[in-house]
Amino acid sequence: MYSRAHGAISLMIGVGLVVAGVEWTHPLVVVGYATAVGVGIDFDHFAIARYNTGEWRALRYVLSNPRRALGDQSTIFETDDLGPFERLLSHTVIVGVAVPVTWLFDPALGLITAVTLYGHVLTDLVADVRTFDAHERGEPL
């Protein structure tokens, strides 16, 4: 799933948390934080790609023209750079650290972090399940 979709979903989660009465700071900051966290967790993709390939090609590609991160994201990673299971494992590790740390800082912030990152991982799982058969058959997505 691409950043635009995660951004839209995280924005809706942030608005939902504000409507539900989660108070941490100004409502716009809550929505902005949720959106940033919901998109920002995907920066781990670059570390996974580096681990798998031994080079920072994907990161250099985006840094050479940052609009690529907002445009056609299918051009950022090569086929063998990033697998769905590695990505989900990495996300799970990040969630397992980020939620307790932000909860200790402020329980409301921890709740916002937990709900947003849960939404991110859940939507990644849904997207992966929808394409799993294609992965197994070796078909292009």
Item to check | Mean accessible surface per residue for the range 1-120, computed with a 1.4 Å probe while every protein chain stays in place, in Å² | outcome: 58
Checklist entry - Taking Cα atoms, how many degrees apart are the long axis of helix 3-19 and the longest axis of the chain, rounded to 10 and kept between 0 and 90? => result 10
Item to check | Extended-chain gain in nm, criterion 0.36 nm per residue less alpha-carbon gap, residue 19 and residue 93 | outcome: 23.7 nm
Checklist outcome for this item: Dividing the helical contributions, -39500 (n - 2.57) per DSSP H run of n ≥ 4, by the residues of the chain yields a 222 nm value, nearest 500 deg cm²/dmol, of -24500 deg cm²/dmol
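Tell me, what % of the accessible area of the range 26-78 is carbon and sulfur with a 1.4 angstrom probe? Numbers along the way, then the final one.
Working: 2050 of 3140 Å².
Within the range 26-78, the accessible surface is 65 percent carbon and sulfur.
Per 0.36 nm of contour for each residue apart, how much would the distance between residue 52 and residue 2 grow if the chain were fully extended, relative to their Cα-Cα spacing? Walk me through the numbers on the way to the answer.
On the way: separation 50, 0.36 × 50 = 18.00 nm, distance 2.03 nm.
Answer, rounded to one decimal: 16.0 nm.
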Next on the checklist: Given the chain, report the % of alpha carbon pairs whose separation exceeds 17 Å.
Outcome noted: 63
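The values are calculated or read from the model by the stated rules, or taken from the named source; none is laboratory data. Predicted model, so just to flag it, every value in this text is computed and none were measured. The accessibility values were calculated without ligands, DNA or RNA, using every heavy atom of the protein model including side chains. Shrake-Rupley method; radii C 1.70, N 1.55, O 1.52, S 1.80 Å.
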